[in-house]
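Please read the structure below before turning to the comments.
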Amino acid sequence: MTGTDRTPRLKCRTCSKEYPLGAYFTGCPDCADQGRVGPLEVTYDYESLRRRGVLQTWAKPDGVWTFSELLPLAPGQTPISLAEGGTPLIRMRCARGRLWIKDETRNPTGAHKDRFHSVAVSMARVLGIAKVTASTTGNHGTSLAAYAAKAGMQCLIFCDVRSPAVLRQAMQVYGARVATLSKRQQHLEWLVRERGWYPSTAMTPMPVATPYGVEGYKTIAYEIFVQLGARVPARVIVPVAVGDILYGPWKGFRELRGLGADVALPRMHAVQAAGCDPIVQGFKGRAKQVPIHPSPRTIATSIADETAAAVSLETLYESGGTAERVTDDEIVDAMRALAMEGIIAEPAGAASIAAALAMQRRGELHPDEDVVCIVTGAGIKWPDGLALAAVPHELRDEDPNAVRAWLDAYDRAIAA
Ligand SMILES: *Cc1c(COP(=O)(O)O)cnc(C)c1O
Ligand SMILES: [Zn+2]
């Protein structure tokens, strides 16, 4: 039967023209000829997948490649995998209502980004490209460096000056070349356009983009569907920088319907920090394009991009969601709340929980609705963020009397 299936194709989000999967890194050529922006995304033969009952084959998901029929590799093409995805969905104990943590900190390099690069780098290999590049505030580049290492590819990362030293070192341990620059984009574009490097970058905004990585993110939606027992949550709350991590799961939820799942679609909520909230500003003005935030200032570096892709706003409008801003103090509180669940998240990773707790306080979440927070990144890689959430009780005094007094004080505190 598979012989009659239409294989996955690229489809332009602007003009709907379709192309075979290939090395399209500057969007739809037809739209470019007419001076328009045409982001490409992968589309599948949903009807035939539905008839084959593909949803029923997902009973026990075991990572991103469980969903290989909804991913762009052809049968027989081996993915580059570090056992990404398959992350737990954990009911938050301390919260009222039905709040769930989708714990992406468990991925191989400690962030959801691993889902992205597993698919994006696998496609680089399929396309015969062995040089990969990206731009990063830290997590994206670390993850790409890991997958490039596994694939035996050359890797060149443009790091933001705010990215932590520990991550820039990790990239270099993986064998990547690192350039830490305040202006990164023009160099990356040049490598892709003139030197044949593969951009393991977001789906949009252009000028250079890959349509493939976001396919990895949509598997978060598939996993949530299976983990909730063939149901979809009422809301999904997501910390957002460029927007792929918001749009990817949204694409996944919509595809579930195309595959025959009888579900209502969730509202998608984007979260940003008060000190860098271009999506929130754009959403307020019902804008089409995300404005530029002149001077990002927040502890949540991984979501502190100056601007974002238009697709992030489109996702909010289409899904009936909202854009939420949270303060750095609320983020620190959320990091502590997550720690009580045994999870250490970085500030950006905890922003979804911060938003959910604030929405709950304001009475915006119904106690009977399932609300899933994507907790995107692990805290261990972000020592400055951890220092802010740690309560300063540490004893450093060697004097035995001081140790006694310290122990006494703790015992009294416990008894009180
Ligand atoms: C990259 C990142 C995000 C945002 O992802 P986008 O796809 O750029 O919106 C959120 N949280 C963490 C921890 C990240 O590393
Ligand atoms: Zn087009």
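None of the figures in this text is laboratory data; all of them are computed from the coordinates on show. Fair warning: this is a prediction, and the values are worked out from it, not measured in the lab. When we count neighbours, we look across all protein chains shown, and the Cβ atoms used for this are built from the backbone with ideal geometry, even at glycine.
Points to keep in mind about this one:
- Model label sites at Asn401 and Arg6, defined 7 Å from Cα along the beta-carbon direction, differ in position by 8.3 nm.
- Degrees between helix 185-195 axis and first principal axis of the chain (Cα, 0 to 90, nearest 10): 30
- Region 145-181 and region 373-416 have their alpha-carbon centroids 32 Å apart.
- Cα-based helix-to-principal-axis angle, 400-415 vs the chain, degrees rounded to 10: 70
- Nitroxide proxy distance, nm - points 7 Å out along Cα→Cβ at Ala264 and Gln154: 5.3
- Cα-Cα over 20 Å, subset of Lys60/Lys102; Lys17/Lys251; Lys183/Lys381; Lys11/Lys131; Lys113/Lys381; Lys11/Lys251: Lys183/Lys381; Lys11/Lys131
- Value of Rg to Rh for region 90-163, rounded to two decimals, is 1.14; Kirkwood radius and Rg both from alpha-carbon coordinates.
- Region 182-328: radius of gyration over Cα atoms, expressed as a fraction of 2.2 N^0.38 Å: 1.10
- Most mobile of Ala111, Ala339, Ala130 in a GNM of the chain (Cα contacts under 10 Å): Ala339
- One decimal place: the segment Cys15-Glu318 gains 107.2 nm when fully extended, by the rule 0.36 nm per residue minus the C-alpha distance.
- Cα-only Debye scattering, region 233-279: base-10 log of I(q)/I(0) at q = 0.25 Å⁻¹: -0.89
- As a ratio to 2.2 N^0.38 Å, the alpha-carbon radius of gyration computed for region 138-237 takes the value 1.29.
- Normalised convex hull volume, region 1-126, alpha-carbon set, Å³ per residue: 166
- Residues of region 24-51 falling in the label zone of Glu194, defined by backbone nitrogen less than 19 Å from a point 7 Å along Cα to beta-carbon, are 25-26.
- Couplings 3J(HN,Hα) of region 388-394, computed from phi: 6, 8, 6, 7, x, 10, 6 Hz, in residue order, whole Hz [Karplus 6.51 cos²θ - 1.76 cosθ + 1.60, θ = phi - 60°; x for Gly and Pro].
- When the chain is treated as a GNM with alpha-carbon contacts under 10 Å, the residue of Ala134, Ala234, Ala334 showing the greatest mean-square fluctuation is Ala234.
- Largest first and in whole Å, the equivalent-ellipsoid semi-axes of the chain read 36, 25, 21, each the square root of five times a Cα gyration tensor eigenvalue.
- Compactness index (Cα Rg / 2.2 N^0.38 Å), region 347-416: 1.71
- Each part reduced to its alpha carbon centroid, region 327-353 and region 189-229 end up 26 Å apart.
- Between the helical axis of 328-339 and the longest alpha-carbon principal axis of the chain there is an angle of about 90 degrees.
- The alpha carbons of region 46-196 give a radius of gyration and a Dmax of 17.8, 54 Å, in that order.
- Backbone N within region 123-150 under 20 Å of label point (7 Å from Gln172 Cα along the Cβ vector): 132-150
- The chain: antiparallel DSSP beta bridges as a percent of all, rounded to 5: 30
- FRET efficiency for Ser295 and Leu228, using Cβ-Cβ distance with R0 set to 41 Å, rounded to 0.05: 0.55
- Alpha carbon convex hull of region 295-416, volume per residue in cubic angstrom: 155
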